[in-house]
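Novice: The structure under discussion is supplied below as C-alpha cells; questions concerning it will follow.
Every number here is computed from the coordinates shown, using simple stated rules; none is lab data. Everything numeric here is computed off the predicted structure, so don't read it as measured data. A quick note on method: Cβ atoms are made from the backbone with ideal geometry, for glycine too, and the neighbour counts reach across all protein chains shown.
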Amino acid sequence: MTTSFWQVLTALVLGIAVIVVLTARYRIHAFFALLIACALVGVLVGMPAETIIDTAKEGFGAIMKSLALVIVLGTCLGRVLETTGGTEALANAIVNKLGAKRSALAINLTGFLVGLPIFCDSGYIVLSGLNNSLSAKTRIPMAVMAGSLATGLYAVHCLVPPHPGATAAAGILQVATGTLLLYGALIALPVSIVGWLWVQKAGRKYSNASTAEPTKPVTDWPPLFFALAPVLVPILLIALHSIMPANTPLRFIGDPVVALSIGILLAIPGKRNWTRAAFGHVLQDAAEKAGGILVIIGAGGAFGAILAKTNLGVHLGEQLNLSGWGIVFPFLLTALLKTAQGSSTVAIITAASIVAPLLPNLGMAAGDGPLFAVLAMGAGSMMISHANDAYFWVIAKFSGLDTKAMLGTYTMASICMGLSAFVIIGALWWLKQVIH
C-alpha cells in the first residue's frame, strides 16, 4: 500500500473531524465515533477492508491487554470508597483540620485526594452534599466552593493513572504507570491550587448565582484509616514498583493490578454492615462503569493501530520539521481536540495515537521523552472545559450554578490549570535536558 503525504494528511484531518462532529454535535458515543473514524481513515488511504478490520482488532486487543484490569480495579476502588462513605470521611477530616474559614481550600485538597482513585464526575456527585452544606454554613459563595472542589478533582483526572486518559496514553506510548503516577500527582497538586486561586478571585462575583439547596451530608463515616489507606497505599506501592529491582516482593505488590486490589481490600472494612446483595451491587456497578470506559479506550487503540498502518510518522517526519516543537505539539493537539469535542479521555487517546509515531521527530523518543509527551497531553486535555463537556454540566447541576457563573469560574479555571500544568511540565523537561 503506497500513500502520499497529502492522502494521509487528508485522511487524518477527516478522521478527527468525524470524531469531533459525531461526539460533540450529534452526541454519538465515542466508541462508535472512533470506529467510524477507523473505517474512514482506512478507506481513504486505500487499505483493503480485511486489513482495516484485522488492524482495528489488533489495536483494540493490544490496549486491552495492558489496561483493562487497571481500569476495572481502579473503578471498583472508587465505587467501594463511595459506598463506605470513605470520601466524605476524608473530606470531613480535611475541613476540620483547616477550619471553616479555609473551607474552599479544604474542599479543593479533598477533591485532589478523593480524585486519585475516583473519576471527577463521580467524586463531585458524592461530595456535592457536603460542599453545599459548607457553602451555606460558612457563607462562602457556591461558585467558589463548587469551583474549588471541581478543580481539585479535575487536575488529578487529567494527569494521573488509573484515570482512563492518562492510563491509555501511557499504554500507547509505553510509559511506566508508576512513573507517570508519581510525576502526574506531583504536577497535579500545584495545578489544583491554581484552580482554587482562580475561583477564589472570580467566584466572589457570582455570590447569587446558585440555586442549590443546602443538604445534610451523611455522617455515618468509617474511621479515617479506611478512607485514607485505600487511596495512599496503592499510590505508594505503584510508585515503588517503578524504582525497585526486578523479582523483589515490593516490585510484585507494586504492580498496578496488585496495588489496586490491595486498595480495594483496605477499603471494604470501612463499611461494617455489608450484605451479600449490597456488595454484589457495588461490584456490578463498578464493572458496568468500567466497561463503558474500556470500550472507548479499546476503540482509541484501534484508531491508533490504523494510524500506525498509514505510516503517519514517516510521512509527517519527511514533510514537517517538528524537531523544535518538543512538548508543545502534544499539548496543542490535545488542547484543540479537548476544546472541540469536550471529553478529556477521547482527546488524550486520540492525540496519543497521533503523537506516538512522531516521537522521534519531536526529539522525545528516548529516555523520559514519552513520559513528558503523556504529561503534556494531560495538560492539554484540561483545555478548555466548557458547555460540550459532561463534567461542566455535572458541576452546574449539583451546585445550582448558572452557565454564566460556570464559564466565569470553572471554564476560566480550566484554562489557567492547563497553562500552568504546561509551564511546570516544560520547566521539568528543560531541567531534564540541562542535567543530561
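Novice: Mind pulling up the Rg/Rh value for region 44-129? Radius of gyration and Kirkwood radius, both on Cα.
Specialist: For region 44-129, the value is 1.30.
Novice: So what's the net charge close to LEU240: Lys and Arg +1, Asp and Glu -1, counting the other residues with Cβ under 14 Å from its Cβ?
Specialist: Counting the neighbours of LEU240, the net charge comes to 0.
Novice: Turning to a different aspect of this structure: If you fit an axis through the alpha-carbon atoms of helix 120-138 and take the longest principal axis of the Cα set of the chain, what angle between them do you get, 0 to 90°, nearest 10?
Specialist: That helix lies at roughly 30 degrees to the long axis.
Novice: Only Lys, Arg, Asp and Glu count, each charged at its Cβ (+1, +1, -1, -1), so figure out the dipole size of region 149-297 about its Cα centre, rounded to 20 debye.
Specialist: 320
Novice: Using unit Cβ charges (K, R positive; D, E negative) and no other charged atoms, how large, in debye to the nearest 20, is the dipole of the chain about its Cα centre?
Specialist: Using only the charged Cβ atoms, the result is roughly 1160 debye.
Novice: Rg over Rh of region 120-245, using C-alpha atoms and the Kirkwood radius, what does it come to?
Specialist: Computed over Cα atoms, the ratio is 1.05.
Novice: At 0.692 mPa s and 37 °C, plugging the Kirkwood radius over alpha-carbon pairs of region 291-422 into Stokes-Einstein gives what diffusion coefficient in µm²/s?
Specialist: Roughly 210 µm²/s, to the nearest whole number.
Novice: Just want to confirm a number: the relative contact order over the chain, from Cα pairs under 8 angstrom separated by 6+ residues, in percent.
Specialist: 24
Novice: Something else now. If you take the C-alpha gyration tensor of region 52-435, multiply each eigenvalue by 5 and take the square root, what semi-axes do you get, largest first, in whole Å?
Specialist: Ellipsoid half-lengths, sorted descending, are 33, 25, 19 Å.
Novice: While we're here: Per DSSP H run of n ≥ 4, the term is -39500 (n - 2.57); total these for the chain, divide by its residue number, and report the mean residue ellipticity at 222 nm rounded to 500 deg cm²/dmol.
Specialist: Theoretical 222 nm ellipticity from helices: -24500 deg cm²/dmol.
Novice: Right, next: For region 251-324, with the dipole built from +1 on Lys and Arg beta-carbon atoms and -1 on Asp and Glu ones, taken about the Cα centre, which of ILE262, GLY313, LEU294 lies farthest toward the positive end?
Specialist: ILE262
Novice: What Kirkwood hydrodynamic radius do you get for region 1-100 when you take the inverse of the mean 1/r over all pairs of distinct Cα atoms, in Å?
Specialist: Taking every pair of different Cα atoms in region 1-100, averaging 1/r and inverting gives 17.2 Å.
Novice: Which percent of Cα-Cα pairs in region 1-60 sits in each 5 Å bin, short to long?
Specialist: 4, 20, 26, 24, 18, 7, 2, 0
Novice: Using a Förster distance of 35 Å, how high is the FRET efficiency between LEU407 and ASP285, based on the Cβ-Cβ distance and rounded to 0.05?
Specialist: Between LEU407 and ASP285 the formula returns 0.60.
Novice: Hey, another quick one. Extending each Cα 7 Å along its Cβ direction at VAL43 and ALA427, get the distance between those two points in nm, one decimal.
Specialist: Taking the two extended label points, one gets 4.9 nm.
Novice: Something else: Just VAL43, VAL144, VAL346 to compare: in a GNM of the chain, with alpha carbon springs under 10 Å, which one fluctuates most?
Specialist: VAL43
Novice: Just rank ILE425, ILE235, ILE354, fewest to most, by other beta-carbon atoms within 10 angstrom.
Specialist: Arranged by neighbour count, lowest to highest, ILE425, ILE235, ILE354 become ILE235, ILE354, ILE425.
Novice: Right, something else. What's the center-to-center distance, using Cα atoms, between region 236-282 and region 330-378 in Å?
Specialist: 29
Novice: I've got another one for you. Starting from the Cα-Cα distance between ILE28 and GLU318, subtract it from 0.36 nm times their residue separation and give me the gain in nm to one decimal.
Specialist: Result: 100.9 nm gained on full extension.
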